[in-house]
Amino acid sequence: MNIQELTEMGRGTMIEAIGIELLEINKDYVSGRMPVDSRTIQPFGLLHGGASAAFAETLGSVAGMLKVDPKLYRVVGKSLNCKHIRSAKSGWVFGKAVAVEISESTHVWAVEIKDEKERLICSCRLTLAVIGV
């Protein structure tokens, strides 16, 4: 699948609602960006931790999906751990999901979210279950 096809799959979902965009997909990682704006901030004007979590799970899930045969399998979130390091108030945050462990039944992905100055905003670990269609 290419970025355009994956973007189409996200239409009408949270991915589109909060403005997540995929930037790169390849066999080793998936990267994207998300705006820090009214859709993704909390009442104090800072990036909402839940938006960071949704961003991380999106990138890791897309990456996981690219590792299985979509005619036979799906990947679904099993566990997500996010450590919020610093805040962001505006602009974009950028994320990258990299495989830690891939097996037939489970994937583990490390996702780092950084601001436009390359400062770490959030460090996440996503575990996906591989299930039959």
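The numbers here are math on the coordinates, done by the rules we state, and not lab data. Remember, it's a predicted structure, so these values are computed and weren't measured experimentally. Methodologically, a virtual Cβ is constructed for each residue, glycine included, from the backbone with ideal geometry; neighbour enumeration extends over all protein chains shown.
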Task: Candidates G64, G50, G32 - the one that is of a type outside the set (S, T, N, Q) and closer than 21 Å to E118 by Cβ - done: G32
Task: Test for G32: is it crowded, with 18+ Cβ neighbours inside 10 Å and not hydrophobic (A, V, I, L, M, F, W, C) - done: yes
Open item on the list: Considering only segment 94-107, I want to know if a residue exists there that is β-branched (V, I, T), touching a helix residue (DSSP H, G or I) at 6+ places or on another chain (Cβ under 7 Å) and either over 20 Å from K27 (Cα atoms) or surrounded by 14 or more Cβ atoms within 10 Å (Cβ to Cβ) (or both).
Closed with: no
- [ ] State whether one or more residues within segment 18-40 are without any contact (Cβ under 8 Å) to a residue 24 or more places away in the chain and touching a Leu at 6+ places or on another chain (Cβ under 7 Å).
- [x] yes
Task: Residues within segment 35-53 that are crowded, with 19+ Cβ neighbours inside 10 Å and out of contact with any Phe, Trp or Tyr (no Cβ under 9 Å at 6 or more places or on another chain), tallied - done: 4
